[in-house]
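Novice: Dropping a structure here in structure tokens format, bear with me for questions.
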Amino acid sequence: MSVPSLATGFDDPVQDGQRVFRAVLDAMSRPGRIVPLPRLPEIPAGLHASSAAVALALLDLETPVWLDEAASPAAKWLRFHCGSPLTAAAGDAAFALIADGTRLPDLDLFPIGTPDYPERGTTLLIQVAALAKGRGHRLRGPGIEHETFLDAEGLDEALWRHMAQGRDRFPLGHDVMLLSPDALACLPRSIILED
Amino acid sequence: MYVAIKGGETAIDNAHALLAEKRRGNPAVPELSLTQISEQMALAVDRVMTEGSVYDRELAALAIKQARGDLVEAIFLLRAYRTTLPRLATSEPLDTAAMAVQRRISATFKDLPGGQVLGPTFDYTHRLLDFTLAANGQDVPTPEPADEPLSADLPRVAELLNQEGLIETAEDGEDGPVGDLTREPLTFPAGRDLRLQALARGDEGYLLALGYSTQRGYGNSHPFAGEIRMGEVTVEIVPEELGFPVEIGTVTVTECEMINQFKGSKTQPPQFTRGYGLAFGEAERKAMSMALVDRALRCRELGEEATVPAQDEEFVLSHADSVEAQGFVQHLKLPHYVDFQSELVLVRALRAEAEARAEQEKGSEEKE
Amino acid sequence: MLPSPSDDQIASRRHWMSVLAKSPAARLEELWRDLAEPPAYRFLRRPEIGLTMIRARAGGTGTVFNLGEMTMTRCAVETATGHVGFGHVAGRDTRHAELAALFDALLQDPARHDEISATVLAPLTREQETRREQASRKAAATRVNFFTMAREA
């Protein structure tokens, strides 16, 4: 009845989880800033170590997760370590884990929250090959003093358009975390992006 | 007008140090241990677990110690602590029929199968202060166990009535999601799932008073304690990674099924209806009160007219939680200097107006 | 893909997991110390304290509702022989969850099953039955026998 070996979680689930949470908080409150993840677990199949760290810090049994095909090898790991229910219905997802940033699903299928509960919008975790600052797309908005530039390799351009248009729906919308193998940068729903 | 309040920091630190000293009391008296509290103040621990909504005897005992025995404060502490823990699982519904019974009585049938089992009850004590306890309570009697254990099969009283079709059946409700007011705020009308959760967490004194009101005529419910049972039940979860149920331990609970007369309605024949109470630990008064109030709140589904306070769902449920209630009452002692300043200005102005008017009237009277 | 376990295998595993969870942690510690060959192991998931929401049914059989939470601890280990054990135990004793997971792993190991069954599972099961029976006999001593008073004609 034994199960094949799985990648382990954090060495110290509470402390490591809090450190990663702090990093996510920093990245989300300073959009476009590239924040290294202070703790990385063993790399599970299908994921970056960074996405695994964020999953361990944020997901639990009350957050249904939608996986793209590239992330599906991580299904067992996610169920084991996070206890998260996996959902095939984008409409039920609290988080979407998109391991292949070059092939985005139809992002409009994910909930954007409701006026009473704007926090019920899906958080999109999108893996990219690399993140670069100082070039690429111009970002403005809360958390950015004047403007900043962010670029991502291995990311479908459609994401930038989606976020640019999403500004009209504020305070509803999607919060996005772009995950390179060891760092993240965030595009919260408040971001102002020119097409 | 804006009045800034600063500079209380040292005073607050000193107040907390004073509180800690008061908590400890006379240092010549031995300090209470958590096991002493959980063993010897067991029912206080049970109440804190029920209303604090966390089953953990040691944590509840710690909360009681820290709160200097103030149970409502202890409940608040436990509620605050629970928010620091992740929820790892949701249990399968408890099977109270499979309870390892310590007490089980019925006020409706004396000869129920399996018998009436009194268990560790205050009933039939004379309520005389026992001064041997004051003298360190020597001579604790050792109860003589019976030769045989209780029957494993103790059918529910409701099932006995059911055989005649005289009582409503409690069908397995709709399979929909189970409401959880620790996750979603309570909205009205509330389903029975949310009502029972709110009552289980609700203040015992408040529910006791409401339950009592239904008996005194604020509600026409004619309740009988159909069955009260207390004992251990097993808690079972289905871990995501295993896919089958596993037992993680046991909890002691008290369950009360009230049986109420029901005259019938256009759609339902006259029969007995049921009210349900369930609480952690030995908490009979709480479980009984909860069952009375649960039945009163079912008026809508049974087609009864809601005329008394205990049937008013919004009133009952909005005021049941001691943590919310004490928070709102006690916030009144926090600085309201700004609010009060504006009230002062207003009252002074009104007063000046009233005096001016009186002057004027007096003046015109004198002229006449 | 591993063959899925049979119903019998699941039933016996459920039984031992229940016994391990309901036994006092101190007893598990004693039995672990007495073990002739404690296995080498690593944590797949370190002991973690959290909550379980306890559900119940109105009237015991009706509408499901959330009664309140209880503390629990879970842990997963993998022994050097590749057996994965789980501990899910009520309370906040991380060592209890770890030991329950270790014995669960050992009991799944065909090479160790009979030994652990005899030296750990059997005595724990017996102790639990005794505790339960004694509590029940004490309660049974408080059972009432009513006599109905018949009025004379």
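The values are calculated or read from the model by the stated rules, or taken from the named source; none is laboratory data. Because the structure is predicted, anything quoted here is derived from the model rather than measured. Using ideal geometry, Cβ is built from the backbone for each residue, glycine included, and neighbour counts are taken over all protein chains shown.
Novice: Which one of these is within 11 Å of chain B (Cβ to nearest Cβ), buried (at least 23 other Cβ atoms within 10 Å of the Cβ) and out of contact with any Pro (no Cβ under 6 Å at 6 or more places or on another chain): A:L86, A:L78, A:L61, A:L97?
Specialist: Step by step, each of A:L86, A:L78, A:L61, A:L97 is checked, and only A:L78 is within 11 Å of chain B (Cβ to nearest Cβ), buried (at least 23 other Cβ atoms within 10 Å of the Cβ) and out of contact with any Pro (no Cβ under 6 Å at 6 or more places or on another chain).
Novice: Take the conditions outside any helix (DSSP H, G or I), surrounded by fewer than 24 Cβ atoms within 10 Å (Cβ to Cβ) and away from chain B (no Cβ under 14 Å) and apply them to C:T119. Does it pass?
Specialist: Judged against the criteria, C:T119 is not a match.
Novice: Can you say whether B:V101 is on the phi < 0 side of the Ramachandran plot, more than 10 Å from chain C (Cβ to nearest Cβ) and in contact with a Ser or Thr (Cβ under 8 Å, 6 or more places away or on another chain), as far as the supplied structure shows?
Specialist: For B:V101, the condition - on the phi < 0 side of the Ramachandran plot, more than 10 Å from chain C (Cβ to nearest Cβ) and in contact with a Ser or Thr (Cβ under 8 Å, 6 or more places away or on another chain) - is not met.
Novice: A further question on this structure: Can A:R135 be described as touching a residue at least 12 places away in the same chain (Cβ under 8 Å) and either touching a strand residue (DSSP E or B) at 6+ places or on another chain (Cβ under 7 Å) or surrounded by 14 or more Cβ atoms within 10 Å (Cβ to Cβ) (or both)?
Specialist: Spelling it out, A:R135 is indeed touching a residue at least 12 places away in the same chain (Cβ under 8 Å) and either touching a strand residue (DSSP E or B) at 6+ places or on another chain (Cβ under 7 Å) or surrounded by 14 or more Cβ atoms within 10 Å (Cβ to Cβ) (or both).
Novice: Is it the case that B:A44 is of a type outside the set (V, I, T) and touching a helix residue (DSSP H, G or I) at 6+ places or on another chain (Cβ under 8 Å)?
Specialist: Yes; evaluated as a whole, the condition is true for this residue.
Novice: Let me ask another. Tell me, please, whether a residue that is under 22 Å from the mean Cα position of the chain (by Cα) and either more than 15 Å from B:R295 (Cβ to Cβ) or surrounded by fewer than 23 Cβ atoms within 10 Å (Cβ to Cβ) (or both) can be found in the stretch B:237-249.
Specialist: No, the conditions are met nowhere in the stretch B:237-249.
Novice: On to the next question. Give the number of residues within the stretch A:151-195 that are in a loop (DSSP other than H, G, I, E, B) and touching a residue at least 24 places away in the same chain (Cβ under 8 Å).
Specialist: 15
Novice: Related question: When you check C:E129 against the structure, is it more than 30 Å from B:R298 (Cα to Cα), acidic (D, E) and assigned to a helix (DSSP H, G or I), yes or no?
Specialist: Criteria met by C:E129.
Novice: Search the stretch A:93-103 for residues being in contact with a strand residue (DSSP E or B) (Cβ under 8 Å, 6 or more places away or on another chain) and not in a strand (DSSP E or B), and hand back the single one that is nearest to A:E119 (Cα to Cα).
Specialist: Per the criteria, the residue is A:A94.
Novice: Could you please find all residues in the stretch C:97-111 being in contact with an Asp or Glu (Cβ under 9 Å, 6 or more places away or on another chain) and over 19 Å from B:R87 (Cα atoms)?
Specialist: Result: C:L99, C:A105, C:L106.
Novice: Being over 30 Å from B:D153 (Cβ atoms), out of contact with any Pro (no Cβ under 8 Å at 6 or more places or on another chain) and either of a type outside the set (S, T, N, Q) or more than 9 Å from chain C (Cβ to nearest Cβ) (or both): is that true of B:G115 here?
Specialist: Against the criterion (over 30 Å from B:D153 (Cβ atoms), out of contact with any Pro (no Cβ under 8 Å at 6 or more places or on another chain) and either of a type outside the set (S, T, N, Q) or more than 9 Å from chain C (Cβ to nearest Cβ) (or both)), B:G115 does not qualify.
Novice: May I pose another question? Suppose we filter B:E343, B:E324, B:E304 for residues that are farther than 30 Å from B:K6 by Cβ and acidic (D, E); which single one remains?
Specialist: So the residue among B:E343, B:E324, B:E304 that is farther than 30 Å from B:K6 by Cβ and acidic (D, E) is B:E304.
Novice: Out of A:T148, A:T123, which single residue is over 18 Å from A:A96 (Cα atoms), β-branched (V, I, T), surrounded by 15 or more Cβ atoms within 10 Å (Cβ to Cβ) and touching a residue at least 12 places away in the same chain (Cβ under 8 Å)?
Specialist: A:T148
Novice: Hey, among the residues in the stretch B:134-151 that are more than 10 Å from chain C (Cβ to nearest Cβ) and part of a loop (DSSP other than H, G, I, E, B), which one's surrounded by the most Cβ atoms within 10 Å (Cβ to Cβ)?
Specialist: B:G137
Novice: Take the residues of the stretch B:39-88 that are among the small types (G, A, S) and crowded, with 24+ Cβ neighbours inside 10 Å: which is farthest from the other protein chains (Cβ to nearest Cβ)?
Specialist: Of everything passing the filter in the stretch B:39-88, B:A74 is farthest from the other protein chains (Cβ to nearest Cβ).
Novice: Ok, one more. Residue under question is B:E257, and the condition is that it be under 17 Å from B:V101 (Cα atoms), in contact (Cβ under 8 Å) with a residue 12 or more places away in the chain and out of contact with any His (no Cβ under 7 Å at 6 or more places or on another chain); does it hold?
Specialist: Criteria met by B:E257.
Novice: Quick one: count up the residues across the stretch B:40-69 that are touching a residue at least 60 places away in the same chain (Cβ under 8 Å), among the small types (G, A, S) and assigned to a helix (DSSP H, G or I).
Specialist: So the count comes out to 1.
Novice: Now for a separate question. Which residue, of B:A42, B:A20, B:A15, B:A60, is of a type in the set (A, V, I, L, M, F, W, C) and within 20 Å of C:V89 (Cβ to Cβ)?
Specialist: B:A60 is the lone residue from the list that is of a type in the set (A, V, I, L, M, F, W, C) and within 20 Å of C:V89 (Cβ to Cβ).
Novice: Now, a different point. For the stretch B:99-130, give me each residue that is under 24 Å from the mean Cα position of the chain (by Cα) and not in a loop (DSSP other than H, G, I, E, B).
Specialist: B:A100, B:V101, B:Q102, B:R103, B:R104, B:I105, listed by residue number.
Novice: If we scan the stretch C:125-137, do we find a residue that is within 14 Å of chain B (Cβ to nearest Cβ) and surrounded by 20 or more Cβ atoms within 10 Å (Cβ to Cβ)?
Specialist: The answer is yes; a qualifying residue exists.
Novice: Then there's this: Which residues, taken from the stretch B:152-182, are modelled with pLDDT of 85 or more and at the interface with chain C (Cβ under 9 Å from one of its Cβ atoms)?
Specialist: Hits for the stretch B:152-182 are B:R156, B:V178, B:G179, B:D180, B:L181, B:T182.
Results for (1) surrounded by 13 or more Cβ atoms within 10 Å (Cβ to Cβ); (2) in the same structural domain as B:T250 (by TED's automatic domain parsing); (3) in contact (Cβ under 8 Å) with a residue 40 or more places away in the chain, shown as yes or no for each residue.
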{"position": "B:R298", "(1), (2), (3)": "yes, yes, yes"}
{"position": "B:L317", "(1), (2), (3)": "yes, yes, yes"}
{"position": "B:K333", "(1), (2), (3)": "no, no, no"}
{"position": "B:Q341", "(1), (2), (3)": "yes, no, yes"}
{"position": "B:A358", "(1), (2), (3)": "no, no, no"}
{"position": "B:E366", "(1), (2), (3)": "no, no, no"}
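Novice: Answer yes if at least one residue in the stretch C:56-64 is modelled with pLDDT of 95 or more and out of contact with any Gly (no Cβ under 9 Å at 6 or more places or on another chain), and no otherwise.
Specialist: yes
Novice: Give the residue that is nearest to the other protein chains (Cβ to nearest Cβ), with candidates limited to residues of the stretch B:257-299 that are among the hydroxyl-bearing types (S, T, Y) and in a strand (DSSP E or B).
Specialist: Filtering the stretch B:257-299 for residues that are among the hydroxyl-bearing types (S, T, Y) and in a strand (DSSP E or B), the one nearest to the other protein chains (Cβ to nearest Cβ) comes out as B:Y276.
Novice: Here is a follow-up. Assuming B:V329 fulfils every condition listed in (1) out of contact with any Phe, Trp or Tyr (no Cβ under 9 Å at 6 or more places or on another chain); (2) modelled with pLDDT of 95 or more; (3) not in a helix (DSSP H, G or I) apart from one, which condition is it?
Specialist: (3)
Novice: Pull up the stretch C:24-78, narrow it to residues that are of a type in the set (V, I, T), at the interface with another protein chain (Cβ under 9 Å from one of its Cβ atoms) and assigned to a strand (DSSP E or B), then point me to the one that is surrounded by the fewest Cβ atoms within 10 Å (Cβ to Cβ).
Specialist: C:I49
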